[in-house]
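Encoded as structure tokens, the structure appears first; notes follow it.
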Amino acid sequence: MPVAEALILLPLLAWLWLLALHGRYWQLAERLPPFATEPAVWPSVVAIIPARNEADVIAETVARHEAQDYPGDYRVIVVDDRSDDATGDAARAAAGARTTIIEAEERPAGWMGKVWAMEQGLRHLRGQPDQPDWILFTDADIHHPPDSLRRLVAHALEDDRDLVSLMVKLKVETFWERLLIPAFVLFFAKLYPFSRVNDPENRTAAAAGGCMLVRRETADAAGLAEGIRGELIDDCALARRVREAGSGRIWLGLTEDVTSARPYAGLSGVWEMVVRSAYTQLNHSPLLLIGCVIGMLFLYLAGPAAALAGETPGWVVWLMIALSFSAALRLYGQPLWMGPLLPLAGLMYTAMTVDSALRHWRGKGGGWKGRYQAREKA
């Protein structure tokens, strides 16, 4: 067998393994189930919402939390993390009886920005006479439908979970967003197959930071948020702490109802979202960066290149790549003809990862709301 033909068999075998044996990640089938029976007593819940420079979205976010149809006690803490705009004023204008607005103290060295805001909310909460049964960490741009909290809590109780997290539906408008955002969801699921996260016997741990419902006793046992204070990828770090401190039962799924109100402004917005933490995901390792680049080129470009060169196995690989993208495209209402464009998305994410490393080396990594933190040490 010629060497070229032998080499194209390698990505073919890799894709066979990914599609058949890697946790069915590409199917993206995990959703909150409808609950059959309501609990006799609904537990109390407090939402903590970190907010920095969110004046354009925070009012509607607060209003949606005020409008939750949750039958139990539900309170909301908005942490204005030293915003440069009118975030605090907008939040206070929308706040009702459920919502308290607090101002964050100056962030100490060694704390990531969002985690520090989460910690400020927890400190305020722990100073109150009544402690909740559950804590909902959710972002300032996340819009919840009226039954969102009820469904999250019901699933956590019915399935006996310490953490229930939803990867919210992001906003897509431009061509690049319609290609790159579904690909982002797919790549995250490939890195952390949801079926493995949701298996109590599997040690894979992950969460999506926009919506995380945590049992309060488990959060205390996990040492949140102190225990993740230096973590830039705070959601997955939180999931690991909860997995280790609690019963090991965590759940991560997708939703079409809980949405992000944040526009990405095309390619540049998606690029900034990814470069913030891509190199951190590789533990700031140059060797892992090299391996990631080679792996992405091998998985997503070798097959199409062989196909265009007239190699039949290359077309088979390209078809498998397109198949792996189909569920993510359907989730975001995009046409299936975009499936063969996943190699382009893979190439763009590879470039973003390299840029993330370059920014880290220049001391500009880990940006959050205008603050750069990746090189800070505790």
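The values are calculated or read from the model by the stated rules, or taken from the named source; none is laboratory data. Source: prediction; values computed, not measured. Note that each Cβ is placed from the backbone with ideal geometry, even for glycine, and that neighbours are counted across all protein chains shown.
In table form, for the structure just shown:
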quantity	calculated
Subset of region 178-190 (residues that are touching a residue at least 24 places away in the same chain (Cβ under 8 Å) and out of contact with any helix residue (DSSP H, G or I) (no Cβ under 6 Å at 6 or more places or on another chain))	178, 181, 184, 187
Residues within region 279-313 that are closer than 16 Å to residue 13 by Cβ and part of a helix (DSSP H, G or I), tallied	9
Condition met for residue 254 (in a helix (DSSP H, G or I), of a type outside the set (D, E, K, R) and either outside the structural domain of residue 346 (by TED's automatic domain parsing) or without any contact (Cβ under 8 Å) to a residue 60 or more places away in the chain (or both))	no
Test result for residue 337, of a type in the set (Phe, Trp, Tyr) and without any contact (Cβ under 8 Å) to a residue 24 or more places away in the chain	yes
Residue 100 in the same structural domain as residue 88 (by TED's automatic domain parsing), among the polar types (S, T, N, Q) and in contact with a Cys (Cβ under 9 Å, 6 or more places away or on another chain)	no
Identity of the residue in region 165-199, closer than 16 Å to residue 333 by Cβ and of a type in the set (D, E, K, R), that ends up surrounded by the fewest Cβ atoms within 10 Å (Cβ to Cβ)	173
Residue within region 273-284 that is out of contact with any Gly (no Cβ under 6 Å at 6 or more places or on another chain), more than 17 Å from residue 184 (Cα to Cα) and not assigned by TED's automatic domain parsing to the domain that holds residue 215 present	yes
Top-ranked residue of region 88-139 - restricted to ones that are of a type in the set (S, T, N, Q) and free of Cβ contacts under 8 Å to residues at least 40 places away in the same chain, ranked as surrounded by the fewest Cβ atoms within 10 Å (Cβ to Cβ)	128
The listed residue being basic (Lys, Arg) and either modelled with pLDDT under 95 or not assigned by TED's automatic domain parsing to the domain that holds residue 126 (or both), out of 262, 249, 240	262
Candidate set: region 154-189, residues that are under 13 Å from the mean Cα position of the chain (by Cα) and not hydrophobic (A, V, I, L, M, F, W, C); chosen: the one nearest to residue 325 (Cα to Cα)	182
Matching residues in region 106-136 - criterion: being modelled with pLDDT of 95 or more and of a type in the set (Asp, Glu)	119, 133
Residue match in region 203-212 (condition: surrounded by fewer than 19 Cβ atoms within 10 Å (Cβ to Cβ) and at pLDDT 95 or above)	no
Given (1) surrounded by fewer than 17 Cβ atoms within 10 Å (Cβ to Cβ); (2) closer than 19 Å to residue 49 by Cα, number of the condition residue 239 does not satisfy	(1)
Residue among 356, 326 that alone is within 30 Å of residue 52 (Cβ to Cβ), part of a helix (DSSP H, G or I) and either at pLDDT 95 or above or polar (S, T, N, Q) (or both)	356
Residue count, region 70-83 (criterion: within 19 Å of residue 120 (Cβ to Cβ) and in contact (Cβ under 8 Å) with a residue 60 or more places away in the chain)	2
Test set (1) part of a loop (DSSP other than H, G, I, E, B); (2) under 24 Å from residue 70 (Cα atoms) - residue 214 fails condition number	(1)
